[in-house]
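What follows is a short report on a single structure.
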Amino acid sequence: MTNKEIARTFQFLGNIMELHDENKFKIRSYQNAYISLRKLDRPLAEMSDEEIGKIKGVGKAIVGKIRELLDGGQMATLERYKSETPAGIQEMLGIKGFGPKKIKAVWKDLGVQSIGELLYAVNENRLIELNGFGKKTQEDLKHKLEYFQRSKNKYHYASLEGPAEELLKQLQSQLPGVEISLTGAIRRRANEVSRIEILVGQSDLTAEQLGEVLEELASAKNGFSAKTKDGQAVSIYTCEPAAFGSKLFRYSASADFLQAFVEASPGLDFSGLPSEDAVFSKANLPFIVPELREQAWALDLARAQQLPTLVELSDLKGVLHNHSTYSDGLHSLREMATYTKEQAYEYLGMSDHSKSAFYANGLQVERVYQQMEEIDQLNEELAPFRIFKSIESDILNDGSLDYEEDVLKAFDFIIASVHTNLRMDEAKATQRLITAIENPFTRILGHPTGRLLLSREGYPIDHKKVIDACAENGVAIELNANPYRLDLDWTWIPYALEKGVLISVNPDAHSKEGIHDMHFGVLSARKGGLTAETCLNAKSLSEFEKWLKNGR
Ligand SMILES: [Zn+2]
Ligand SMILES: [Zn+2]
């Protein structure tokens, strides 16, 4: 081990001990060891114990630990603390400007155990009230966390979309007249993406031509690997202009889709074609949009001339599942409503947290009625725009909802979601959801698995049973549009549609700008074949009112 590595190990030891409230003097001694070892000009590996012991701030105990590291690459004390600290919390110690005191607060007080969960907590403004935090600190932390995640090897689609479009634009102005397109998973709008992939129709493209817009350029198979100026991973592929269509098609398809496509046309050669249109016509198929080039079922639909007209953001007429300052949102009910109206939507579903959600300032009964009164006033003022009285009711452990019947009755509709006791086996989780779905007041099932993409898997459920129960009870299923959730997973949309279940693309907005997350929900929903007709909040105000009134 180098001196620097050894020094950093002591820094890490001090930090991790701080998380566990260990003796301050001990912690200080490890931090001092870090400082003096880092600056040492002689390699520790060449020094005797006696010599090491003479270094300022290095006592007998520390000499022993250095020796452990030099001999075996590990230190027993550190390994013990590591075994008592979740991996995600250890990872947080590597984030610049996020110290052990704050990490301890989010771990112990909020129960957060990973960076993804922490980002989500930031998104829901959970840190503002936390000791030592505030709105500004929360905002700073958000940037730090996003940066940290960007530097790792997978991204939420939402964090690559902007950089990818920007890079595409830069390349187009750098290479006028050359055909250039996004390709790969990002072109298919996959929920999780490992890098930006771009195809350039110029086979003699050089690193110099890319040097202005990209960094860390290296030759790679079929092109270059590189990083954007902000550190996002990029693959650039090159090809002859005459074969652009064939290559674009090939790089844009998932492995499953490509295999099914090729197998369906034995003997046909799809290489050397200039456009994707030419590829599809050669296969005697209508054009299939990139989002659908994931699974073979899209090919079956294309063959039967039954490709759906996919839902678009502009089809959405209402914004359901939103939070205000009544619970854990950043903006007031009035601000949420006027903003949504300004964006030309016809209605807003205000679904703050219910009373069990103490961590999210969930609404006690009197505040429910207070909010309803305010909604009545605002509805008069903002007509014909309408705010619906709703609640995101916690699904309690036994599957029941969070208020007495007379309160439940007063809402226009109820979204039922699981927020606590997430550790369940499939049978328990499925039953808990089904009990909530069978409750006559439930109209929408919120984020069905509770997953947080790239950080929390979500409890296991029997999707078919849950969807069947929704079909039987006239309950719609949410596709939570927050790019960290995108839950219901799009792969279950075809089954839901087959059963006649409506999908609601809900932003779960915790601020007014949060409603724009519906963009990501729509992209994900399109992958599952959602149409405007099968999307609950594509209904006009009067159609939606009718859906509510007709009950279940
Ligand atoms: Zn929720
Ligand atoms: Zn919510």
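The values are calculated or read from the model by the stated rules, or taken from the named source; none is laboratory data. Just so you know, these numbers come straight off a predicted model, no measurement behind them. Because the Cβ atoms are built from the backbone with ideal geometry, glycine has one as well, and the counts that use them run over all protein chains shown. The protein model used for the area step is the full one, side chains on, heavy atoms only, and it has no ligands, DNA or RNA in it. Shrake-Rupley method; radii C 1.70, N 1.55, O 1.52, S 1.80 Å.
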Study note, to complete from the structure: The answer for MET350, listing residues at least 5 apart or on another chain whose modeled amide H is closer than 5 Å to its amide H, is PHE388, SER390
Review point. If you count the DSSP beta bridges with both ends in the chain, what percent of them are antiparallel, to the nearest 5?
Key: 35
Exercise for review: Would you kindly give the portion of the calculated P(r) for segment 156-303 that falls above 29 Å, as a percent of all Cα pairs?
Suggested key: 17
Review point. In whole Å, how far is the Cα centre of segment 310-368 from that of segment 161-229?
Key: 39
Check your understanding: In what order, largest first, do PHE411, PHE441 sit by accessible area if the probe radius is 1.4 Å?
Key -> PHE441, PHE411
Review point. Over all distinct alpha-carbon pairs, what is the Kirkwood Rh of segment 435-516 in angstrom?
Key: 13.0
Check your understanding: Karplus couplings for segment 325-332 from phi (6.51 cos²θ - 1.76 cosθ + 1.60, θ = phi - 60°), rounded to Hz, Gly and Pro as x?
Key -> 5, 4, 10, 10, x, 8, 10, 6
Practice item. Would you tell me the accessible area of THR309, worked out with a 1.4 angstrom probe on the heavy atoms of the protein chains, in Å² to the nearest 10? Key: 120
Practice item. Under 12 Å from the Cβ of ALA357, count the other residues' Cβ atoms, weight Lys and Arg +1, Asp and Glu -1, and hand me the total. Key: -4
Review point. How would you rank 472-478, 88-94, highest first, on the average number of other Cβ atoms within 10 Å across their residues?
Key: 472-478, 88-94
**Study point:** Per residue accessible area in Å² of the chain, where ligands, DNA and RNA are left out and the probe is 1.4 Å
**Key:** 45
Practice item. Let me know the Kirkwood hydrodynamic radius for segment 280-372, please, with Cα pairs as the basis and the value in Å to one decimal. Key: 16.8
**Study point:** Total charge dipole magnitude, segment 223-281, about the Cα centre, Cβ charges on Lys, Arg, Asp, Glu only, Debye to nearest 20
**Key:** 300
Review point. Taking the simple approach of a point 7 Å from Cα along Cα-to-Cβ for both LYS101 and ASP204, what is their distance in nm?
Key: 6.3
Review point. Where does each of ASP140, ASP398 land when they are ordered by accessible area, with a 1.4 Å probe and the largest first?
Key: ASP398, ASP140
Review point. For the chain, what is the convex hull volume of the alpha-carbon atoms per residue, in Å³?
Key: 190
Review point. Any idea how far the Cα center of segment 138-158 sits from the one of segment 485-534, in Å?
Key: 24
**Study point:** Along principal axes, Cα extents of segment 313-549, largest first, whole Å
**Key:** 46, 36, 35
Practice item. Please give the net charge around PHE411, taking every other residue with its beta carbon less than 12 angstrom from that of PHE411, where Lys and Arg add +1 and Asp and Glu add -1. Key: -3
Check your understanding: PRE reach from TRP297 (point 7 Å along Cα→Cβ): which of segment 438-470 fall under 19 Å by backbone N?
Key -> 448-449, 461-470
Practice item. May I have the pair-distance distribution P(r) for segment 102-213, computed from all Cα-Cα distances with 5 Å bins from 0 and rounded to whole percent? Key: 2, 10, 17, 16, 13, 12, 9, 8, 6, 4, 2, 0
Revision key, fill the gap. Using the Kirkwood formula on alpha carbons, the hydrodynamic radius of segment 30-145 in angstrom works out to 16.5
**Study point:** segment 217-301: trypsin sites (Lys or Arg not before Pro) in DSSP loop, at most 10 other beta carbons within 10 Å
**Key:** LYS221
Practice item. Kindly provide the helix-only [θ] at 222 nm of the chain, computed as the sum of -39,500 (n - 2.57) over DSSP H runs of four or more divided by all residues, to the nearest 500 deg cm²/dmol? Key: -13000 deg cm²/dmol
Practice item. Compute the distance in nm between two label points, each set 7 Å from the Cα along the Cα-to-Cβ direction, one at ARG28 and one at SER254. Key: 5.8
Check your understanding: How high is the relative contact order of the chain, given as a whole-number percent (alpha carbon pairs under 8 Å, six or more residues apart)?
Key -> 10
Check your understanding: For the cross-link pairs LYS24/LYS135; LYS527/LYS549; LYS144/LYS227; LYS152/LYS512; LYS154/LYS247, which exceed 21 Å when the distance is taken from alpha carbon to alpha carbon?
Key -> LYS24/LYS135; LYS527/LYS549; LYS152/LYS512; LYS154/LYS247
